[in-house]
Amino acid sequence: MSNSQEKKYWKKNLKYLAILLSIWFLVSFVFGILLVDELNTIRLGGFKLGFWFAQQGAIYVFVILIFVYIKLMNKLDKEFGFNEK
Amino acid sequence: MSIQVWTWILVGITFTLYIGIAIWTRAGSTKEFYVAGGGVSPLANGLATAADWMSAASFISMAGLISFNGYDGSVYLMGWTGGYVLLALLLAPYLRKFGKFTVPDFIGDRYYSNVARSVAVFCALLVSFTYVAGQMRGVGLVFSRFLEVDINTGVIIGMIIVLFYAVLGGMKGITYTQVAQYCVLIFAFMVPAIFISIQMTGNPIPQLGFGGFDENGVYLLDKLDGLHKELGFAEYTSGSKTTLDVFLITAALMFGTAGLPHVIVRFFTVKRVVDARKSAGWALLFIAILYTTAPAIAVFARTNLIDTVSNQEYEKMPEWFGNWEKTGLIKFDDKNNDGLIQYVADAKKNELIVDKDIMVLANPEIAGLPNWVIALVAAGALAAALSTAAGLLLVISASVSHDLIKKMINPNISEKGELVAARLSAVVAVCVAGYFGINPPDFVAATVALAFGLAAASFFPAIVLGIFSKRMNKEGAILGMAVGILLMLFYMMKFKFDWFGGGTKEDWWFGISPEGFGTVAMIANFIVSLIVSKFTPAPPKEVIEIVTNIRIPSGAAEATH
């Protein structure tokens, strides 16, 4: 494994992290906290949307984010031959 | 059968199970004692992490907290789950690749300094001890209410059980008992939730049920908002905390979760980097089951409570009311002598005080569920408290026997000697935890919430920078951790214990509560670390190689200490 391969792998990893963590920030801090009052004017059945994000939606997205991360990284590992048998 | 008989039966069965597992999974080496031999499957590790993480506070207190705080309670829901995203993406895979036993191990090696290691040991002990005392108290509380034994006897019974499987089995015993404990606690949490959800909304899925409507076709949340307005409380679905404070508390809980040593160390127990990532995913999934149900329980319990007590005759209260009055967790004072219970926001007119801790425990009784369900909740609460206590005790014992004795005081200690030291320090830690459980100092309740602030302010920046910055050196990390933790301790002591001149809510800096201040202290840690490292020598070549190495997943299985 060459040095430049490692650098490329790391760069791609950082890109994934940036994207996933932006979503993480968006659903919790933005939807659940900063914009909660605005979103609360929208209803999702019996829920106000902002309240729903803060007490339900953000958590569902967190779970999905980790599983997407696992998928992306497994693929990346294979691509660079860094996967373990 | 009575609740008490059912409780004895269920607690008896589960405790026998835990002890059986402990005997079956005894630890024979330090590697088994500290990291369960490093061969735990990702699914089992996910289950164990979930039980390890969900404490008496999650099981007993959280739904109650949300119940009384409404939207403001969201900080716990987002904070204590969002931390796992950080853990999975920023810490777990790399720390697994690093392949040592403890968090101070990483800090000490990465920052090539025993000063850094000592600071890390101090932080790990501080965080773990404050946390574990609360768990033992939880065990005592459950015993006293459901089995009508003295709280102290309950604490001692809990101590003996934990002592047995933590000392004998180490991480290996703890891991497999935690798997069993997760199953017990999630079953105990979900069964009443599903029952009540059907009762109140006709929907068996609580996560959907609390967005549903009651028998009159009114949305449950709207009904609760209405009741709150009527009684003078803040609207349930809006908060009363400032946006800034909600933001900072949520962040402190997230970064603190990612920095808690007893959670991080669980990722050392799997074989490969891939497994570390997978176990983080499983762990959060299992945690999310409880965490998305808790806000539903909060709404059901709150509505039920108000419906049952508000403006009703005291003499006609159901049996559970009297039972909880005996424990002092419900207090009624008929101020206007009309025989009715006035439960309102105005403190002068309010006649009822309900402790938040009973919302989950009393919920099945309030809803009139069968006795075995009520007993199940008791067994579940015990599983939650014991599993977390065991995980914390292991961190404490590993910090003493591995980080202090093996790495600093006596590096020539034999494998056998270290194992004996680990077991002895576990015994001492259990006794200290039990002592605090029996004589809870006032600061325990205040500091459990703040343990997260401390973890965020100390560990999180040091570990993340250690992985993502090759330039970060010992000077930066040590000063950063010191500034972070001292700032946090100062703020906490000033506003929680009234030291350094004390102060009230009005004196908080920019209106930031001590709970949310962890985020500020963490940012200070990051800034100090980055600036100091710029003006001090770069880390040695070997250390930069460690960092390069942990960023690449392959080869973790072979890596040993």
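Averaging 1/r over each pair of different alpha-carbon atoms in the range A:24-80 and inverting the result gives 12.4 Å, the Kirkwood hydrodynamic radius. The distance between label points at A:GLN5 and B:VAL428 comes to 4.9 nm (points 7 Å beyond Cα on the Cα→Cβ vector). Give me the tail of P(r) for the range B:316-432 as a percent: Cα-Cα pairs with distance above 19 Å. The share of Cα pairs beyond 19 Å in the range B:316-432 comes to 65 percent. Net length available on complete extension from B:LEU227 to B:ALA347 is 41.5 nm, with 0.36 nm assigned per residue and the Cα-Cα distance removed.
Please work out the Cα convex hull volume for chain B and give it in Å³ per residue. Don't jump to the answer; show the numbers that get you there.
Details: hull volume 80.5 nm³, N = 561.
Dividing the Cα hull volume of chain B by its residues yields 143 Å³.
Note on A:LYS75 and B:ASN216: their simple-model spin labels are 5.2 nm apart, each label 7 Å out from Cα toward Cβ. Between the helical axis of A:3-25 and the longest alpha-carbon principal axis of chain A there is an angle of about 10 degrees. Separation of the range B:377-419 and the range B:297-370, taken as the distance between their Cα centroids, equals 41 angstrom.
Zone of B:LYS541 (label point 7 Å along Cα→Cβ, backbone N under 19 Å): which residues in the range B:108-127? So the set is B:110-112. Taking θ as phi - 60° and the Karplus parameters 6.51, -1.76 and 1.60, the scalar couplings of the range B:217-224 work out to x, 9, 4, 4, 5, 5, 4, 5 Hz in sequence order, x denoting glycine and proline. With Cα atoms defining each centre, the range B:487-514 and the range B:83-141 are spaced 26 Å apart in the structure. Compared with the direct C-alpha span, the chain from B:PHE122 to B:VAL420 gains 105.1 nm at full extension, assuming 0.36 nm per residue. Here the average projected area of the convex hull drawn through the C-alpha atoms of the protein assembly as shown stands at 28.4 nm².
Report the FRET efficiency, 1/(1 + (r/R0)^6), for A:THR41 and B:ILE19, where r is their Cβ-Cβ distance and R0 is 51 Å, rounded to 0.05. After rounding, the FRET efficiency stands at 0.40. Measuring nothing but how far apart in sequence close Cα pairs (under 8 Å, 6+ apart) lie, relative to its length, the range A:24-80 scores a relative contact order of 32 percent. Taking every residue in A:63-74 and counting other chain Cβ atoms within 10 Å of its Cβ, the average works out to 6. Here the relative contact order of chain B, from alpha carbon pairs under 8 Å that lie six or more residues apart, stands at 29 percent. Within the full protein context, the accessible area of B:CYS123 is estimated at about 0 Å² for a probe radius of 1.4 Å.
The values are calculated or read from the model by the stated rules, or taken from the named source; none is laboratory data. Small disclaimer: the values here were computed from a predicted structure and weren't measured. Cβ: placed from backbone, ideal geometry, glycine included. Neighbour counts: every protein chain shown. When the accessible area is computed, the model is the full protein with side chains, heavy atoms only, and any ligands, DNA or RNA have been set aside. Shrake-Rupley method; radii C 1.70, N 1.55, O 1.52, S 1.80 Å.
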